[in-house]
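We did not get these values from a lab; they are worked out from the coordinates using the rules stated. Everything numeric in this text was worked out from a predicted model, so none of it was measured. Virtual Cβ from ideal backbone geometry, glycine too; neighbours counted across all protein chains shown.
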Amino acid sequence: MSLFSKHDASSDDEHVTRQPLPSGFKDSPRDVRHKSIVQSDLVIQGDIKTTGFLEFSGKVTGNVSADTLIVHAGGYIKGNATGNHVTTDGETIGSIKAGDVTLKKNSQTQADIICDRFAVETGAVIKGNLDVSAKGQS
């Protein structure tokens with residue numbers, strides 16, 4: 001097949017569709033969240049807020065808020081990061097407040113962290129205060 005030849009999609013054997021859920025079952029809310037991606041070449045001066053899933057590789061000076069925030073290696077946040085789930089493999093300077101916080105092996109974190117659950121990989125660098133307490137506990 002040449003690069004510009006016509007292709008009949010109906011003959012594509014690799015096309016796979018998801019089977020419908022049985023009647024009475026609904027998709028979980030996580031399946032319908034919107035996903036946003038900030039690429040490494042994007043620099044933002046200001047706040048970012050989404051109710052969905054944010055994959056972040058760029059640089060921001062400002063606050064970042066998302067249900068699920070993933071800061072990839074090379075990503076940089078100078079400000080407050082908040083969400084239900086925050087995972088970072090990049091650099092964070094400021095504060096992190098979330099239900100779940102995970103610091104990956106390449107993360108450089110200079111932040112005060114407040115969370116319900118905390119995980120850290122060997123190699124992560126942390127400088128700041130850490131407050132981990134389950135909801136409802138004092």
For Ile44, list long-range residues whose amide hydrogen, built 1.01 Å from N in the peptide plane, is under 5 Å from its own amide hydrogen. Lys59, Val60, Thr61
Magnitude of the Cβ-charge dipole of the range 35-132, K/R +1 and D/E -1, about the Cα centre, nearest 20 debye? 100
